[in-house]
1. Using amide H atoms built 1.01 Å from N in the peptide plane, name the residues 5+ places from S134, or on other chains, whose amide H lies under 5 Å from its own.
2. Which value, to two decimals, describes the C-alpha radius of gyration of the stretch 50-130 once divided by 2.2 N^0.38 Å?
3. Express in nm, to one decimal, how much length is gained between R20 and R43 on full extension, taking 0.36 nm for each residue of separation and deducting their alpha carbon distance.
4. Given R₀ = 41 Å, FRET efficiency for K94-E13 by Cβ-Cβ distance, to 0.05?
5. How long is the gain from S34 to S123 if the chain were fully straight, where each residue apart is worth 0.36 nm and the alpha carbon distance is subtracted?
6. Which sequence of T135, T54 reflects their accessible areas, 1.4 Å probe, from the largest down?
7. Using modelled amide H (1.01 Å from N, peptide plane; none on Pro or chain starts), what sits under 5 Å from the amide H of A66, excluding residues fewer than 5 places away?
Amino acid sequence: DGKKRLGLFEISEVGKQSLREHGIVVEQSNRKGSLAHQYWCARVKAYYERAGYTVQEEYPVGDGKAVDIVAVKENEKIAIEIETGKSDIVGNIKKCLEVGFEKIIIMAISLPVKKYIENKMASALANLEGVSISTGSEFVK
């Protein structure tokens, strides 16, 4: 059908323990989110770095909250939230708006998640300027 599928696999805690028992060092990750969320954060970060942006992951905005990725280039500052469909999308957008981001990109990890986000935004956050929704396709080129 021409569609590409991506399979992500993560070693379980039992698997990590077995590797350690055999003397293999297993790095601990301090990153937040699911494996899919981490994958897309890395892809989006690399995309913006290639485009000449300075990129920061888990950008703190106060009250223990953070934006997944912030990309800065000259006078442009973009908040990017990676959405798997499991977080509070409305809360994430409001968080970005409250701290003054004028450009917010919501990166849906799949088309069904994009549709879910569009429905949530239509009911709770209609007519927002500067907020766009994309899928991962533009970040894998």
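1. For S134, whose amide H was placed from the backbone, the distant partners under 5 Å are I106, M107, A108.
2. Working: Rg = 12.6 Å, N = 81, 2.2 N^0.38 = 11.7 Å.
For the stretch 50-130, the normalised Cα radius of gyration comes out at 1.08.
3. 5.4 nm
4. Efficiency, from the Cβ-Cβ distance: 0.75.
5. 29.4 nm
6. If we order T135, T54 from most to least accessible, we get T54, T135.
7. Here the answer is V61, since their amide H atoms fall under 5 Å of that of A66.
The values are calculated or read from the model by the stated rules, or taken from the named source; none is laboratory data. Being a predicted model, the structure only gives us computed values, none of them experimental. Cβ: placed from backbone, ideal geometry, glycine included. Neighbour counts: every protein chain shown. For the accessible areas, the whole protein counts, side chains as well, though only heavy atoms, and no ligand, DNA or RNA atoms are used. Shrake-Rupley method; radii C 1.70, N 1.55, O 1.52, S 1.80 Å.
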